[in-house]
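Data first, discussion second: the structure below is written as structure tokens.
Every number here is computed from the coordinates shown, using simple stated rules; none is lab data. Predicted model, so just to flag it, every value in this text is computed and none were measured. Glycine gets a Cβ as well: all are built from the backbone with ideal geometry, and neighbour counts include every protein chain shown.
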Amino acid sequence: MSHQQADAIDVAAIREEFPILQREFDGQQVVYLDNAATTQTPDPVVDAMSDYYRESNANVHRGIHHLSQEASEAYEVAHDRVAEFINADGREEVVFTKNTTESENLLAYSWGLNELGPEDTVVLTEMEHHASLVTWQQIAKRTGASVEYIRVDETGRLDMDHAVDLIDDDTAIVSAVHVSNTLGTVNPVSELTNLAHEHDALSFIDGAQAVPNRPVDVKEIDADFYAFSGHKMAGPTGIGVLYGKQDLLEDLNPYLYGGGMIRKVTFEDSTWGELPWKFEPGTPPIAEAVGLHAAVDWLEEIGMDRIETHEEELAAYAYDRLEAEEDVEIYGPEGGPDRGGLVSFNLEGVHAHDLTSIMNDHTIAVRAGDHCTQPLHDKLGVPASTRASFYVYNTREEIDKLVAALDDARQLFA
């Protein structure tokens, strides 16, 4: 199915490719607003993975038989397709991992443990996901490095004046989230990478909430490393990506070892294979790579610019609807280009977990908790929040159902 013929997204046509969105519980159709955690998977992605298992299933880089050759080619071409999608120079700059979390750990253990020392500073932001914050925190404890945090201001944006003061010649790496999974804030990542490079520091960008929803050009951002996950971009679970500039990846040693990533092994020593394979030991996520390739094709058929516009409009609409409710507190920037496709909020007098349970009674799927950003919630002064997050198949009518369900919560907790 072609989605590119009209300027506006044909949401009805897109929803036909997601049978799960037609499911009902107690006579109510699913309203899926938990896309920041995991998006749903369209038929073309499921079909691509099923076809692989039916027709080409074999291990990669380990056999000369026809099936292994087909599987190897599909796996390698998936690297090429992802590189093209983010404007990397080639497959050498695209490492497949399990998810964004593993991508961050790969960098932290391969580079951080070997390069950081007591004289170094790791600069994060106060809105970092635990995948980044906890990882660098632990690496700093092992190496003696210090960790500093760029402040989040009262609007939910980064205090860039503070960033300028904080990033200095002692900074070894700046690690920042592209789009906050709690506040929805779209951060000025190009400014952050420029600040890092002015002080000869590396830059890492967590793009888990950005790549699925907007065009991302790693060269334009000039990130040294950039990570994202397949399951948040209409792809399968079990596969993530670590992009790295080729010269930097060449200098890194692996932190996981095994078959498939070596050039030569003796009883005394081992040498590593070429990029990106030296970071992909063991049997890799082959079917998942096929699925990720299909997801990228599917997204680009729709158009990343149009997906960004659609989500920005939904987030702005949700922000306006919720802001009109006097007993609702919203976190993060107002609707517009500074906010990605999610809104986190609290209803006065109702704990986020209770509100989410009531939403589930209406078959509305949202997330409650700290969203793996406990320090940020501490700063906000709340233990948890409710998060509604949107994707290409969501509608304003679904947001209206979310807002209408607030009345049930008010009545129950009056």
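List of remarks:
- Long-range amide H partners of Val147 with built H, under 5 Å: Val122
- Placed amide H near Arg339: partners under 5 Å, 5+ positions off or other chain: Val186
- Restricting region 20-89 to GluC sites (Glu not before Pro) that sit in a DSSP loop and have at most 12 other Cβ atoms within 10 Å of their own Cβ leaves nothing.
- Cα-Cα P(r), region 46-301, percent of pairs per 5 Å interval: 1, 6, 13, 17, 18, 16, 12, 8, 5, 3, 1, 0, 0
- Kyte-Doolittle mean at least 0.5, axial Cα span of 20 Å or more - DSSP H helices of the chain: 286-302
- Neighbour net charge for Ala83 - beta-carbon separation under 9 angstrom, K R +1, D E -1: -3
- Placing pseudo-labels 7 Å out from each Cα toward the beta carbon at Asp200 and Asp26 gives an inter-label distance of 6.3 nm.
- For region 68-121, the Cα-based Rg and Dmax, in that order, read 15.1, 49 Å.
- 3J(HN,Hα) along region 226-233: 8, 10, 7, 10, x, 6, 9, 9 Hz, from the Karplus curve 6.51 cos²θ - 1.76 cosθ + 1.60 with θ = phi - 60°, whole Hz, x for Gly and Pro.
- Sites counted here are trypsin sites (Lys or Arg not before Pro) in a DSSP loop (not H, G, I, E or B) having no more than 13 other Cβ atoms within 10 Å; the longest part of the chain that contains none of them is 63-414.
- Gap separating the Cα centres of region 111-128 and region 184-217, nearest whole Å: 16 Å
- Local net charge near Val123, Cβ-Cβ under 10 Å (Lys/Arg +1, Asp/Glu -1): -3
- Estimated Rh, region 226-300: Kirkwood, alpha-carbon pairs, angstrom: 13.8 Å
- Listed from fewest to most Cβ neighbours within 10 Å, the set Met233, Met304 follows the order Met304, Met233.
- Calculated from backbone phi, Karplus (6.51, -1.76, 1.60) coupling profile of region 16-23 in Hz, x at Gly/Pro: 5, 8, 10, x, 4, 6, 8, 5
- For Ser203, distant residues with modelled amide H under 5 Å away: Val174, Asp224, Phe225
- Dimensions of region 146-214 based on its C-alpha atoms, expressed as ranges along the principal axes with the largest first, amount to 33, 26, 20 Å.
- DSSP finds beta bridges in the chain, and of those with both partners inside it, around 60 percent are antiparallel.
- Spherically averaged projected area in nm², based on the convex hull that wraps the Cα atoms of region 131-263: 9.8 nm²
- Likely footprinting exposure, Asp370, Asp297, Asp200, fewest C-beta neighbours within 10 Å first: Asp200, Asp297, Asp370
- Stretching Glu220 away from Leu412 to a fully extended chain increases their span by 64.1 nm, per 0.36 nm per residue minus the current alpha-carbon distance.
- Local electrostatic count, Arg367, Cβ distance below 9 Å [Lys/Arg +1, Asp/Glu -1]: 0
- Distance between modelled label sites at His130 and Asp251, nm, 7 Å Cα→Cβ extension: 3.3 nm
- Distance cut-off 24 Å, percentage of C-alpha pairs in region 292-409 lying past it: 29 percent
- Spatial separation of Cα centroids for region 362-399 and region 22-86, in angstrom: 27 Å
- Point-to-point label distance, Arg396-Ala8, nm (Cα→Cβ direction, 7 Å offset): 0.9 nm
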